[in-house]
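Down below is the structure, laid out as structure tokens.
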Amino acid sequence: MSMPPAPPPLSDKLLEPGLYVVSTPIGNLRDITLRALDVLAQAEVVLCEDTRVTGKLMHAYGLKQKLIRYDEHEAEAARPRVLAALARGERVALVSDAGTPLISDPGYRLVREAAAHGHRVFPIPGASALLAGLAAAGLPTDRFVFAGFPPPKSAGRRAMFEELKPVRATLVFYEGISRTADCLADMAAVFGERPAAVARELTKLHETILRGTLGQLAADPRLQAPKGEIVILVGPGEQEAATEQDADTALAEALTRMGPADAASEVAKALGLNRRELYRRALELKGEK
Ligand code: SAM
């Protein structure tokens, strides 16, 4: 059994009252920030999804603050009490079982109401499976869409994927482990041969990141009945190369509104083509008239 981490020095600066949205580890207990520990040590109350799960984290760092369950079922009833605690000037920490609260986890309504009542809301950033998956997948990260959990049944899943198909961005999904194989098969059917990655058990002992096309991942025997937790990431599709005909059509339309230089710039940007060649062609098209 590994030794629990030694408690690090905590800040002696008294934190302001308010709601603290605190990220906690997604596996490796050491993935917690010093600031998160300061908050968990000073909060009058820590709201959590499961007192046993958060209790383990608190115990590992020698923290003993009061834990109150705040999950989907308890939220409605508990919210007025939380708002009353904030009104008394208390520090309230919100955590989830793992990662960043509100990211496919409860808390959004509480944050909205706390802010509406004039209370400060402090984000305490840290681990999230979404960002850890993106960091290791090797897919473009300049633009990404977090799509959360796909619907559980194939028809609903495919409808969601069809909706996301035209989006030029890396798509990030959370998925229940038992649905991984079916989900990948539906992704391969809808998105085709896009590059993708399955990030399993991030930050934990059996961390594995499998990369390949969706077809390869859907057929990978290691993903037929996997264990643990996974994030699925799908790279953006290749933009189909614009044809000469596409360029001529776009240029002809642009030339009705602007001169050849501006038309060439606009079409170059829209279709990802060479501006100088388009300019030459724009002059030709103008001459043809
Ligand atoms: N709030 C969390 C976050 O910030 O990542 C996510 C909570 S959501 C209820 C749980 C899902 O996150 C899992 O089903 C899985 O898709 C993903 N997940 C959480 N921990 C993970 C890990 N260590 N490795 C891979 N995926 C993980």
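Only the coordinates and a few stated rules stand behind these numbers; no lab work does. On a predicted model such as this, the values are computed, not experimentally measured, just so you know. Here the Cβ positions follow ideal geometry from the backbone for every residue, glycine too, while neighbour counts run over all protein chains shown.
Here are the numbers for this structure:
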{"read-out": "Percent breakdown of C-alpha pair distances by 5 Å bin, ordered from the shortest bin, for the stretch 129-234", "value": "2, 14, 27, 29, 20, 7, 1, 0"}
{"read-out": "Long-range HN-HN contacts of E229 with modeled amide H, under 5 Å", "value": "E201"}
{"read-out": "Most positive-pole-ward Cα, A75, F149, S11, against dipole of the chain from beta carbon charges", "value": "S11"}
{"read-out": "In sequence order, calculated HN-Hα J values of the stretch 35-49 (Karplus, 6.51, -1.76, 1.60; Hz; x Gly/Pro)", "value": "5, 4, 5, 4, 5, 5, 6, 9, 4, 5, 8, 10, 8, 9, 6"}
{"read-out": "Check: the stretch 244-285 dipole with +1 on Lys, Arg Cβ and -1 on Asp, Glu Cβ, in debye", "value": "200 debye"}
{"read-out": "Largest to smallest principal axis extent of the C-alpha atoms in the chain, angstrom", "value": "81, 49, 36"}
{"read-out": "Positive-end extreme of charge dipole, the stretch 86-155 - chosen from S128, L102, V92 (charges on Cβ)", "value": "V92"}
{"read-out": "Helical contribution to [θ] at 222 nm, DSSP H n ≥ 4, -39,500 (n - 2.57), averaged over the chain, rounded to 500", "value": "-12000 deg cm²/dmol"}
{"read-out": "All lysines inside 21 Å of K286 as judged from Cα atoms, apart from same-chain residues fewer than 8 positions distant", "value": "K269"}
{"read-out": "Backbone HN-Hα couplings from phi across the stretch 180-196 [Karplus 6.51/-1.76/1.60, Hz, Gly and Pro as x]", "value": "3, 4, 5, 5, 5, 5, 5, 5, 4, 5, 8, 7, x, 7, 7, x, 8"}
{"read-out": "Nonlocal amide H pairs with R69, under 5 Å, H built at 1.01 Å", "value": "C48"}
{"read-out": "5 angstrom amide H check on Y20, placed H, neighbours 5+ away", "value": "V92, A93, L94, F122"}
{"read-out": "J(HN,Hα) series, the stretch 122-139, from Karplus relation 6.51 cos²θ - 1.76 cosθ + 1.60, nearest Hz, glycine and proline x", "value": "10, x, 10, x, x, 5, 7, 4, 4, 6, 4, x, 4, 5, 10, 6, x, 10"}
{"read-out": "Cα-based radius of gyration of the stretch 18-124 once divided by 2.2 N^0.38 Å, which approximates compact folds", "value": "0.96"}
{"read-out": "Rounded to the nearest 20 debye, dipole of the chain from Cβ charges on Lys, Arg, Asp, Glu", "value": "620 debye"}
